[in-house]
Amino acid sequence: MANTSDVIIIGGGIAGTATGYYLAKHRLSVALFEQGHLCSGSTGRCIGGVRQQFTSASSIKLMMRSVELFAGMDQELDTEVHWHPGGYLFLAHDESNKQAFLDNIRVQRAAGLTDVRWVDAAEAKEIVPLLDTAGLLGGSYCPTDGQAYPFAVVNGYAQQIKQLGGSIHPFSEVTGILSQGGRATGIKLANGEEHHAPVVVNCAGPWAKEVGALAGIDVPVEPERHEALITEGVEYLGIPMLVDYRADGGYFQQFRHNGQFIGCYSPSPRVPGRSADSTFEFLAEMPRRMLKLVPALAQVKVIRQWAGSYEMTPDGNPVLDRAELGGFYVLGGMCGHGFMLGPAMGEAMAEFVRSGEKQPPFPEFALRRRFGQAEAMK
Amino acid sequence: MPDTTRQIICRCEDVTEEEVLQAIAQGAATADEVKRLTRAGMGHCQGRTCRRLVNQLLARRLGQKPADQRPVTQRSPLQPVSLKTLADSH
Ligand SMILES: Cc1cc2nc3c(=O)[nH]c(=O)nc-3n(C[C@H](O)[C@H](O)[C@H](O)COP(=O)(O)OP(=O)(O)OC[C@H]3O[C@@H](n4cnc5c(N)ncnc54)[C@H](O)[C@@H]3O)c2cc1C
Ligand code: FES
C-alpha cells in the first residue's frame, strides 16, 4: 500500500532528515512529512557552527562522531556540504570564565577530545591576527571544530532518503497522530490524508511540544527567539568561530566556501516564543560586537538578517527517547545545537528505533529524566 | 530552441539555468526552495535581479501561473550596509 511505511518522520530539518537517512540505510522504508519546505524551521536559520567543545562526556563523544560524519559527508551523500574544520575559539575576558574553560578542557580531554587546548592571548593573536585582544586572558581553542552549510546537509540527506526508496513530503502539515491499543499507527495531514506506520518519530524542532500534544505526550521543549545576520562574501581570512562570553559578546564565523560572515548573540533577557521577527536593535548591536573583536571588518557589508528558534529544554540537553505511546519517538530539544548534533543524534536515533530497545542510549537525554543542572557552554 | 542551460540566472551567486532546473527536478516547487537549494536569490542584491527569472523557470517547468506562486520572504536590510555604519547607528 502506497500510504504505508516502516517509519514516519515528522519534520524536515536536520533531525528528521538525518534520522530518516540512517533508518533508510538500515533498509527501513521512510516517509518524511514537513509542514513547509525542507529547512523551513530552525535548521535553515542556523549559522552552521559545529563544535566538539561541550561539557558532558556524552555530548562531547556525540559531537566527535558528528565531526567524523560531517568530514565524510560529501562522499556519503554524494554532494558538497562545505564541511571545513576552521576551529572554534572561546574567548575568556575574566578569571571565572578562564577557570571554567580550563575545567571544561580537562573534561573534554578526558572524554577523548585531545585537540582542544588553552591558548593565552598571544597565541590567540597568532591564530587570529586581526583579533583585538584588549582585556583578553586567553581562550579555549579546538582546531578540529568547524562549519558546514545547513541547506546542503539537509538536502543531501533528503535526496539519499529518496534514493533509498523513501519519500519526502514538503508542505504537508501533520495535524493528528493515529493510534490504536496504546500504539501509534500513523498520522493524519491537514488535507485529511492518512499515512500509516508502526513507528512515528517527532523531529519537529521548536514545534516538538505541539506535535507531542497531538499524541497526548508532553514534550518539554520551549521555543526561544534568536536573531542572526550575514554579510557579503569577502576574501577568506581563516578566522575560526569566535565565541565571546562577555555580557555584550556574541559568536560569529566566516564561511570558507563563499567568504560570508555569519553571526548571532543570545539576547538578554531571553525572548520566549516562536516569533521570527527581526529587530533593528540586533542589526546595530551585532555589528558593534563583531567590530569590537575584529575591527578590520568595518567595511564588510551586511546583506540579510533574520530570526529563528532555539528549542530549549529545562536542562539544556536534548531529548532522544521513546514516549509512553508505543512506537512514538522523540528527537529534539537540541537547545540551539541541533545542526551540529544532528548527524550523530540522527544516527543514534535510527539505531535506537531499529534495535527496538526499551532503554534510551543516553540516560541524560531521556524524555522523563529529572531536569537538573544546565549545560554550560553556549 | 537555443540551449540556454549555461545561462546565468542569479548573477550574484553565479547560478546557472541548469542548476535551477536541477533543483526543480529534485522537487523544488517554489522560489524559496530553489533559493535554498541553489543560493539563487541569496546574493548581494537579495534576489532583486533573479527572482523573476526563477519564477519564470518554475512556471515553465511546472505549469504554474504567476498567481499561484508563493512569494519569497523578503528580509532587511533592503540595501547592503557596512558593519561600521550599522554599528554607529542609534
Ligand atoms: C539564529 C540561530 C543560530 C543557530 N546556530 C547554530 C549553530 O551554529 N550550530 C548548531 O548546531 N545549531 C545552531 N542553531 C540551532 C539549530 O538551528 C537547531 O538546533 C536545529 O536546526 C534543530 O533542528 P531540528 O531538525 O530539530 O528542527 P527544525 O529544523 O526546526 O525542523 C523541524 C521541522 O518540523 C517541521 N514541523 C513542525 N511541526 C510540524 C507538523 N505539525 N507537521 C509537519 N512538519 C512540522 C517544521 O516546519 C520544521 O521544518 C541555531 C539556531 C538559530 C535560530
Ligand atoms: S541576482 Fe540573484 S541574488 Fe542577486
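Within region A:274-311, the set of residues being away from ligand 2 (no atom under 16 Å from the Cβ), open to solvent by 30 Å² or more (accessible area, probe 1.4 Å) and in a strand (DSSP E or B) comprises just one member, A:Tyr310.
Looking at A:Lys301, is it more than 8 Å from chain B (Cβ to nearest Cβ) and closer than 15 Å to B:Lys84 by Cα? In short, no.
Condition check ((1) at pLDDT below 95; (2) buried (at least 24 other Cβ atoms within 10 Å of the Cβ); (3) more than 16 Å from ligand 2 (Cβ to nearest atom); (4) in a strand (DSSP E or B)) across all residues:
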site: A:Ile8; (1), (2), (3), (4): no, yes, yes, yes
site: A:Leu28; (1), (2), (3), (4): no, no, yes, no
site: A:Leu32; (1), (2), (3), (4): no, yes, yes, yes
site: A:Gly41; (1), (2), (3), (4): no, yes, yes, no
site: A:Gln52; (1), (2), (3), (4): no, yes, yes, no
site: A:Ile60; (1), (2), (3), (4): no, no, yes, no
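Among the residues of region A:191-213, those that are open to solvent by 10 Å² or more (accessible area, probe 1.4 Å), of a type in the set (A, V, I, L, M) and either without any contact (Cβ under 8 Å) to a residue 24 or more places away in the chain or more than 6 Å from ligand 1 (Cβ to nearest atom) (or both) comprise A:Val199, A:Ala213. Among the residues of region B:1-23, those that are within 13 Å of chain A (Cβ to nearest Cβ) and either out of contact with any Cys (no Cβ under 6 Å at 6 or more places or on another chain) or within 16 Å of ligand 1 (Cβ to nearest atom) (or both) comprise B:Glu13, B:Asp14, B:Val15, B:Glu19, B:Gln22, B:Ala23. The sole residue among A:Phe328, A:Phe352 that is more than 14 Å from chain B (Cβ to nearest Cβ), in contact with a Gly (Cβ under 9 Å, 6 or more places away or on another chain), of a type in the set (Phe, Trp, Tyr) and away from ligand 2 (no atom under 16 Å from the Cβ) is A:Phe328.
Within region B:25-40, residues that are within 7 Å of chain A (Cβ to nearest Cβ) and without any contact (Cβ under 8 Å) to a residue 12 or more places away in the chain have Cβ atoms under 9 Å from residues that are of a type in the set (Phe, Trp, Tyr) and open to solvent by 10 Å² or more (accessible area, probe 1.4 Å) in these pairs: B:Arg36/A:Phe151, counting only partners at least 6 apart in sequence or on another chain. Exactly one residue out of A:Gly165, A:Gly176, A:Gly138 is of a type in the set (Gly, Ala, Ser) and surrounded by 21 or more Cβ atoms within 10 Å (Cβ to Cβ), and it is A:Gly138. Looking only at residues in region A:151-162 that are more than 9 Å from chain B (Cβ to nearest Cβ) and open to solvent by less than 10 Å² (accessible area, probe 1.4 Å), the one that is nearest to the chain's Cα centre (by Cα) is A:Val153.
Within region A:124-135, being under 13 Å from A:Gly87 (Cβ atoms) and open to solvent by 30 Å² or more (accessible area, probe 1.4 Å) holds for A:Glu126, A:Ile127. The single condition from (1) open to solvent by 40 Å² or more (accessible area, probe 1.4 Å); (2) within 11 Å of another protein chain (Cβ to nearest Cβ); (3) under 21 Å from A:Leu283 (Cβ atoms) that B:Gly47 fails is (1). Scanning region B:12-65 for residues that are on the phi > 0 side of the Ramachandran plot and near ligand 2 (Cβ under 7 Å from one of its atoms) yields B:Gly41, B:Gln46, B:Gly47.
The values are calculated or read from the model by the stated rules, or taken from the named source; none is laboratory data. Every value quoted in this text rests on a predicted model; they were computed, and no experiment measured them. Cβ coordinates were reconstructed from backbone atoms using ideal geometry, including for glycine residues, and neighbour counts include every protein chain displayed. Remember, those area values only see protein heavy atoms, side chains included, never the ligands or the DNA or RNA. Shrake-Rupley method; radii C 1.70, N 1.55, O 1.52, S 1.80 Å.
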